[in-house]
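Visitor: My questions will all concern the structure given below.
The values are calculated or read from the model by the stated rules, or taken from the named source; none is laboratory data. Keep in mind the model is a prediction, meaning the values are calculated, not measured. In this analysis, Cβ positions are derived from the backbone assuming ideal geometry, glycine residues included, and neighbour counts consider all displayed protein chains.
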Amino acid sequence: MADQPLKAHFVADPIELPDGRKVRVSAYPDGSIRFRVDGLPYVLTEAYLSGNPEKDKAIVKLSPGKQGSNAAYNYVEELEKRNHS
């Protein structure tokens, strides 16, 4: 039998961003954290996931877009398409 997925022991209220997208954060008993964000697609543009736990913080930045370096341009293009449909 396959392992059952961990159930979140904490789920924060959604945060609504100025453009209407929502961000949700969940925490799990094993120490993992899950972020759920509306408004796909995204590209991972920044991640600091190691360092000194006494003084450093984990940082994850998602940018809207379809292709890595064109993330910002693609997001503006996508918004224009949505506004004209």
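Visitor: Tell me which residues, restricted to region 44-65, are assigned to a loop (DSSP other than H, G, I, E, B) and within 30 Å of E77 (Cα to Cα).
Guide: G65
Visitor: Return only the number of the condition from (1) at pLDDT 95 or above; (2) farther than 26 Å from K81 by Cβ that Y48 does not satisfy.
Guide: Failed condition: (1).
Visitor: So, of the residues in region 8-24 that are in contact with a Phe, Trp or Tyr (Cβ under 8 Å, 6 or more places away or on another chain) and more than 17 Å from S63 (Cα to Cα), which turns out to be surrounded by the fewest Cβ atoms within 10 Å (Cβ to Cβ)?
Guide: H9
Visitor: Just to be sure before I move on: is K55 outside the structural domain of E80 (by TED's automatic domain parsing), over 10 Å from the mean Cα position of the chain (by Cα) and loosely packed, with under 11 Cβ neighbours inside 10 Å in the structure I sent?
Guide: Working: outside the structural domain of E80 (by TED's automatic domain parsing): no; over 10 Å from the mean Cα position of the chain (by Cα): yes; loosely packed, with under 11 Cβ neighbours inside 10 Å: yes.
No.
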